[in-house]
Amino acid sequence: MTLACITLIIPAAYHATFARSPVGDPPAPDDGSKAGLLFISHGTSIILLALYGAYLFFQLRTHPDLFKLRGPRNDDDEEEEEEEEEGAKMNLPAAALALLGVTVVTSFCADYLVASIEETADRYNIPETFIGLILLPIVANAVCQSFVAP
């Protein structure tokens, strides 16, 4: 998460400090910093992609045993029981159809959510940025916790 934030902050800081006007206004989009900004953005995205590839290689090839789920251990059992592999509960076409259906439903829900945010922001004079960055994550976290809590 820190690396992702850094790769977002570096290009933004470059753009913000590249061409400040004497008045203190933020730089214009066409202030000449675009070439350097694109270079930094492409560089950080390539670094992130390489790190992601290295992480996948580490997780899947070099140390897959570190990432396998293990059940709770009981110290009283001296004999190790062989783990039984569960068979697939859905076949591939059924899983693909379920994924497609859930994706369509999610897109409609997201569209409805965005429309309601704009309407709520206009009605109650709340900035859309505040709703998107503060209120929406709090509500989403509360909903997730209510589904997970026993």
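The values are calculated or read from the model by the stated rules, or taken from the named source; none is laboratory data. All figures in this text were calculated on a predicted structure; none of them were measured in a lab. Cβ placement follows ideal geometry from the backbone for every residue including glycine, while neighbour counts extend to all protein chains displayed. Ligands, DNA and RNA are excluded from the accessible area calculation, which covers all protein heavy atoms including side chains. Shrake-Rupley method; radii C 1.70, N 1.55, O 1.52, S 1.80 Å.
Tabulated data
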{"read-out": "Failed condition for Tyr55, given (1) open to solvent by 90 Å² or more (accessible area, probe 1.4 Å); (2) modelled with pLDDT under 85", "value": "(2)"}
{"read-out": "Boolean, Ala115 is surrounded by 10 or more Cβ atoms within 10 Å (Cβ to Cβ), touching an Asp or Glu at 6+ places or on another chain (Cβ under 8 Å) and either modelled with pLDDT under 90 or part of a helix (DSSP H, G or I) (or both)", "value": "no"}
{"read-out": "Pair list, Cβ under 9 Å, 6 or more apart: region 1-14 residue under 12 Å from Leu38 (Cα atoms), other residue of a type in the set (Val, Ile, Thr) and at pLDDT 80 or above", "value": "Ile10/Ile40; Ile10/Thr44; Pro11/Ile40; Pro11/Thr44; Tyr14/Ile40"}
